[in-house]
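One structure below.
Read-outs throughout are calculated quantities, based only on the coordinates presented, and are distinct from any laboratory measurement. Please read these numbers as outputs of a predicted model, since none were measured by experiment. In this analysis, Cβ positions are derived from the backbone assuming ideal geometry, glycine residues included, and neighbour counts consider all displayed protein chains.
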Amino acid sequence: MNRYTQCALLSASTLRMIPHILFYMSRRRTIDADLALYGEGSGGVLTFIKVCTRQKSFRNLFYYRLGEYRSVFIKWLLPADSSLHIWCPSIGAGCHLEHAYSTYLNAESIGTGFYCLHLVTLGNGKGGRPTIGNNVRIYTGATVFGGIRIGNDVTIGAGAVVFSDVPDGCTVVGNPGKIIRKGE
């Protein structure tokens, strides 16, 4: 797309984005940390407009960050992805939900630097909901459930089913999930 067409489209999009931009400014630090992971720039209003208009999963995260009651007034202007569900008391800064359709994030907490692909389920199981540490990457189709703790710097492979604690720095794959690499 040439530069002039892109500028025209972004300008038209900006009109419906005005309320979004105002809310963005109120939570700028955390949202900029999320934006930096989407590969469109390091943050700022133009990056926010570009990512928010193109990425439905980012919109879900943005509306989550605003809170259920504040976001209800602006969601109709730019709809979120209806198949991405976030029920988590806290998600740290620097969250990247890539192609996160059919994804359920139902955890006690999620740390900073979280990366998640589609078809992932974090949910209730024996003992409650999982607690996810910092810099955790969860790939396509993985399921993490129960009152377990996923440590920092953990990678959970595609299709893994994890229902027991995972220490820091590990890689988990398979069903049931097995640690194939331990942190050094």
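A few comments on the model shown:
- Under 12 Å from the E68 label point (7 Å along Cα→beta-carbon), backbone N, the stretch 87-119: 87-89
- Highest-MSF residue in the chain out of G113, G43, G125 [GNM, Cα springs under 10 Å]: G125
- Between L22, L97, L119, the GNM of the chain built on Cα springs shorter than 10 angstrom shows L22 fluctuating the most.
- A Förster radius of 41 Å, combined with the Cβ-Cβ distance separating V161 from R3, puts the computed FRET efficiency at roughly 0.30.
- If you count Lys pairs in the chain whose Cα atoms are under 30 Å apart, skipping same-chain pairs closer than 8 places in sequence, the total is 4.
- Inter-label distance, nm, simple model (7 Å from Cα along the C-beta direction), I18/L77: 0.8
- Size descriptors for the chain: radius of gyration and Dmax over Cα atoms are 17.2, 55 Å.
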